[in-house]
Amino acid sequence: MSTIKEIFSRMENQFDTSTERLILHHQLLGFFLLVVVAPLLTLLAVGVCACVLTMPYILFSAI
């Protein structure tokens, strides 16, 4: 269990480091990614999860 936590912690640190490097090197692109793309991806994930959770109810209520 601690090995999985260490792997995820290492992956998170690598992601944070690469994101910070990208934002410092490409400031406009980083701003666009954080302000526009990240919220859209979050909304997309919420919409997909809502569809997946409600799909069985819709299918079974039609029968």
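Filtered by the rule that a residue be open to solvent by less than 100 Å² (accessible area, probe 1.4 Å), under 16 Å from the mean Cα position of the chain (by Cα) and of a type in the set (A, V, I, L, M), the range 6-35 gives L33, V35. In the set (1) open to solvent by 100 Å² or more (accessible area, probe 1.4 Å); (2) part of a helix (DSSP H, G or I), the condition left unmet by A38 is number (1).
The values are calculated or read from the model by the stated rules, or taken from the named source; none is laboratory data. Predicted model only: the values in this text are computed from it and were never measured. The area values use the complete protein model at the heavy-atom level, side chains included, leaving out ligands, DNA and RNA. Shrake-Rupley method; radii C 1.70, N 1.55, O 1.52, S 1.80 Å.
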